[in-house]
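The structure under discussion appears below in the form of structure tokens.
The values are calculated or read from the model by the stated rules, or taken from the named source; none is laboratory data. Here the structure is a predicted model, which is why all the values come from computation and not from measurement. Glycine also receives a Cβ, built like all others from the backbone with ideal geometry; neighbour counts cover every protein chain displayed.
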Amino acid sequence: MNAADAISRRSFLSASLLAGAALAFHVRLALAAENGAPVGTLTAFVRINPDNSVVIGAKNPEIGQGVKTMLPMLIAEELDVDWEQVRIEQTLADDKIYGPQSAGGSRATPVNWLPMRQAGAAARAMLVSAAATQWGVKPDALITSGGMVRHAASGRSASYASLAPAAAAVPPPAFETVPLKPDSAFRIIGTPRRGVDTPAIVRGAPLFGIDTDLPNMVYAALETCPVFQGVIKSHDDAAALAVKGVIAVVPINSGIVPKGQKDALAIVADSWWTAQKARALLKVEWDLAAQRHFSTAGYEKAAVSSLSGAPQSDILRKGDVAAGLAGAVKTVSARYDYPFLAHATLEPQNCTGLFDQDRLTLWAPSQAPTGGRKQVADMLGIAPESLIIHLTRIGGGFGRRLMSDYMVQVAQIARALPGRPVKMIYSRADDIRHDFYRPAGWHGLTAGLDKDGAIVALKDHFVTFGAPDAPVRAAEMEATEFPAQIVPNIHFGASWLQTNLSTGWLRAPTSNAMAFVFQSFLDEVALAAGVDLPTLILRTLGEDRLLPQVGRAPQFNTGRARKVIEEARRFAAWDGKRPDRWTGIGRGFGFYFSHAGYFAEVVDATVSKSGQIKVDKVWVVGDIGSHVINPLNAEHQAQGSVIDGLAQAIIGQKIDQVDGAVVQENFDGFPLMRIDSAPPEVAVRFVTSPYPPTGIGEPALPPVIPALANAIYAATGQRLRSLPLRTAAV
Amino acid sequence: MAITLTVNRKHYAVSVDPEKPLLWILREDLRLPGTKFGCGAGLCGACTVLLDGQAVRSCQTPLSAVGAAKVTTIEDIRSVPAGKHVVEAWIDLDVPQCGYCQAGQIMSATWLLGQTPDPQDADIDAAMSGNICRCSTYLRIRKAIKQAAAATQADKAA
């Protein structure tokens, strides 16, 4: 059986009449990976009500990326209903029914682009078939629009709702035979659509995980070990339990220490404020001895020491980098670094759980409920199927909620209080000090240029966390890092440090740091070559072609890269001139390919005499494939990503560690971008290319950081090689 | 002892510790979850409400400090003339991304328009820089405030 057969056998559509004459379609589709192998199934859910309104299930977690609007747009387009007829319902989390439901990696668009459309088209085909039978005409004589089937020759028409009983009895079509609309017929895809939850958000409706409210609910605050991987030696909760309103103190395991150990105490009370207050009365003796020596100063010292030696392991060896550098006309060397970062979602981590008769129900603001289900089941020793997971709207993800610690924690608290719903909420200090941080990193780079100014050799010594071939989460570096696939002589090596911090994926993981390092360094190389950065990149790209596939990473198309770079030059009227003096006003360029999206960005920045950085304007040009499904949201995602990237650069974001514990506790120590520091204008333009659409939640972020650093160089002559950027007075 | 509180034009009698912050009374006792918890320290503005028309951080406002003042939250912001236009501009321009901060943003913007009917960029910066949007929807927030200002002015002229 070949892959295509396997897929068609696992795909089916069923239609059933519900009470009240609503028609429900359950469309199950096998999902294929890019290489055609089946990777899972996906169920789309559509209900046509007797009033001809349509309910479409939104299956992916909504973190502000717009997926709750975008995926149903794909179904509605092919079902051929008006968007105004459509109402969206969030589905439960259940990957056995709905297929992949994670919000991560900008994957929702590429994974769902075809299956969601096929689902809508198949449901439409059944309605058309029902009408054709009723009217004794051929299905291809019928047209649809706005939830109606029409027969032009006879002038007959029928609403989808009126066809429901007949459609429920139609044999479902084979998906491969159901035609999809030509692009020219799109009436929803490619049109601006507001977020489906926007009216409820501005009404203050209870959409978010933290808004979960259940009868008889109690609240939990957590006293978590201030030092990662520390555990409870002993505790005295008598004073806390004596506080009026406090119900229980429950020792739990956050999932980062060995089973059997406990690293947090949950204080449960009739009010979260009471629980948080009582928390101060807990007496806990922690076992921290093994963790106290971890510190930011220690990492920096070890990294600098590593960089002066040889890498401990190889990431990529190609050609002969020593010979390449020896034969170079010019060489450029520099060291770059960046700090640990927190996610700081504005909605603090929280989760609500109810353990009742061996079933656990969770209301989880989770970006990855499938992973959470497994970890909770494992921690409690219950079957994964005994969990019911409700997906709530999420007050910011940025990768933080790909981790499931809050689910694991509330599950243990809920089990200790069977029959009582428990809402657990982190304080802001808990949230910042118990994150899964973007790991810090250090790079020692050298590039060699030939007499024509072409890069002939490039080496990077990357100091990161983990062990050879086993980086901690988000601490890896790809062998495809541009321009490694093109330059003939490459050596990427790594040295490895240890940390007790948990690390994780932050929006555009690895790319958010690598873009800064490589695009800033390439600007230095371009300067040595006597050209501007876009010219150096275009020259390096060479002819339009697809670079070889490496691992699971999306393939790099040099032609798509070239087009966005050329378009960004036009859009920003980039003249490529290097300044002949430092005026405090400068312009910089950055390009990056990540999450299958190609982005070129230009930043105009002003540096004041005191060294204050102000971003005046940003131009963004992106290629995310053949269609920008919802342009209203895509523009906004690009703008938000750009300002998010600038926040990592200019407002002093970093996480420091002393004696094993994180120092920062709130938005004074770990600042977030505010309106008075945000650029007044971020101009966004998309170029289309004949490839399936890809995601827009992440790829616009990485290039803005080096574009800003390069602009500051153009403004002041200061080459800033460390994040967050710190300028000296000029 | 029960303390009387006026929220969104309704009177409530609550029997809680007078030191309990208004934020948690709104969310837990009055079941008005539109006002959000962000930082608990007056640094992010997610919990902003109007107290007799003045924007305050409800996480820093104990019940004992509310007294007879009238509290307005996002759930009733349309009852304030400028608030209605702010909410409509927010919908029209599709300002929210994740949406978590937006109740606080709308409260601060409504207060701004009450003070400064035709705000310039510097006024917007001054009034809104206490409200963090982690998704950085600032470009649309700025535009929506100007749109709401124009609509509020047009109302007055009519």
### Query
Considering A:Thr606, A:Thr583, A:Thr540, which residue is within 27 Å of A:Tyr691 (Cα to Cα), assigned by TED's automatic domain parsing to the domain that holds A:Ala700 and more than 29 Å from the chain's Cα centre (by Cα)?
A:Thr540
### Task
State whether one or more residues within the range A:488-497 are in contact (Cβ under 8 Å) with a residue 12 or more places away in the chain and in a loop (DSSP other than H, G, I, E, B).
yes
### Query
Which number in (1) within 11 Å of chain B (Cβ to nearest Cβ); (2) surrounded by fewer than 17 Cβ atoms within 10 Å (Cβ to Cβ); (3) within 19 Å of A:Asn350 (Cβ to Cβ) marks the one condition that A:Leu207 misses?
(2)
### Message
Being within 24 Å of A:Gln349 (Cβ to Cβ) and touching a helix residue (DSSP H, G or I) at 6+ places or on another chain (Cβ under 6 Å) is true for just one of B:Gly83, B:Gly42. Which residue is that?
### Response
B:Gly42
## Note on the structure
Across (1) touching a Gly at 6+ places or on another chain (Cβ under 8 Å); (2) assigned to a helix (DSSP H, G or I); (3) of a type outside the set (Phe, Trp, Tyr), A:Gly104 clears everything bar (2)
### Task
Might you let me know whether the range A:445-463 holds any residue that is of a type in the set (Lys, Arg), under 27 Å from A:Ala328 (Cβ atoms) and either in contact with a Phe, Trp or Tyr (Cβ under 6 Å, 6 or more places away or on another chain) or not in a loop (DSSP other than H, G, I, E, B) (or both)?
yes
#### Entry: Residues that are within 28 Å of B:Ile106 (Cβ to Cβ) and in contact (Cβ under 8 Å) with a residue 40 or more places away in the chain, drawn from the range A:653-668
A:Gln653, A:Glu665, A:Asn666, A:Phe667
## Note on the structure
With the first residue restricted to the range A:90-115 and required to be within 14 Å of A:Gly372 (Cα to Cα), and the second required to be basic (Lys, Arg) and part of a loop (DSSP other than H, G, I, E, B), Cβ contacts under 6 Å at 6 or more apart or on different chains are A:Gln101/A:Lys59
### Query
Any chance the range B:29-50 includes a residue that's assigned to a strand (DSSP E or B), under 18 Å from B:Ala68 (Cβ atoms) and not aromatic (Phe, Trp, Tyr)?
yes
### Task
Would you please name the residue that is farthest from the other protein chains (Cβ to nearest Cβ), looking only at residues in the range B:54-70 that are under 15 Å from B:Val14 (Cβ atoms) and of a type outside the set (S, T, N, Q)?
B:Ala68
## Note on the structure
Across the range B:1-26, the tally of residues that are part of a strand (DSSP E or B) and either within 11 Å of chain A (Cβ to nearest Cβ) or out of contact with any Asp or Glu (no Cβ under 6 Å at 6 or more places or on another chain) (or both) stands at 10
### Task
Identify the single condition in (1) crowded, with 24+ Cβ neighbours inside 10 Å; (2) more than 7 Å from every other protein chain (Cβ to nearest Cβ); (3) not aliphatic (A, V, I, L, M) that B:Gly130 does not satisfy, given that it satisfies every other one.
(1)
### Residue in the range A:286-308 that is surrounded by 21 or more Cβ atoms within 10 Å (Cβ to Cβ) and within 14 Å of chain B (Cβ to nearest Cβ) present
no
### Query
Does the range A:415-431 include one or more residues that are more than 14 Å from every other protein chain (Cβ to nearest Cβ) and part of a helix (DSSP H, G or I)?
yes
### Query
For A:Ser254, are the conditions met, namely being touching a residue at least 12 places away in the same chain (Cβ under 8 Å) and either surrounded by 17 or more Cβ atoms within 10 Å (Cβ to Cβ) or among the charged types (D, E, K, R) (or both)?
yes
### Task
Check the range B:71-94 and report whether any residue there is within 11 Å of chain A (Cβ to nearest Cβ), within 24 Å of A:Gly640 (Cβ to Cβ) and touching a His at 6+ places or on another chain (Cβ under 9 Å).
yes
### Message
Just to check your reading of the model, which residue among A:Thr198, A:Thr212 is within 14 Å of chain B (Cβ to nearest Cβ), of a type in the set (Ser, Thr, Tyr) and out of contact with any strand residue (DSSP E or B) (no Cβ under 7 Å at 6 or more places or on another chain)?
### Response
A:Thr198
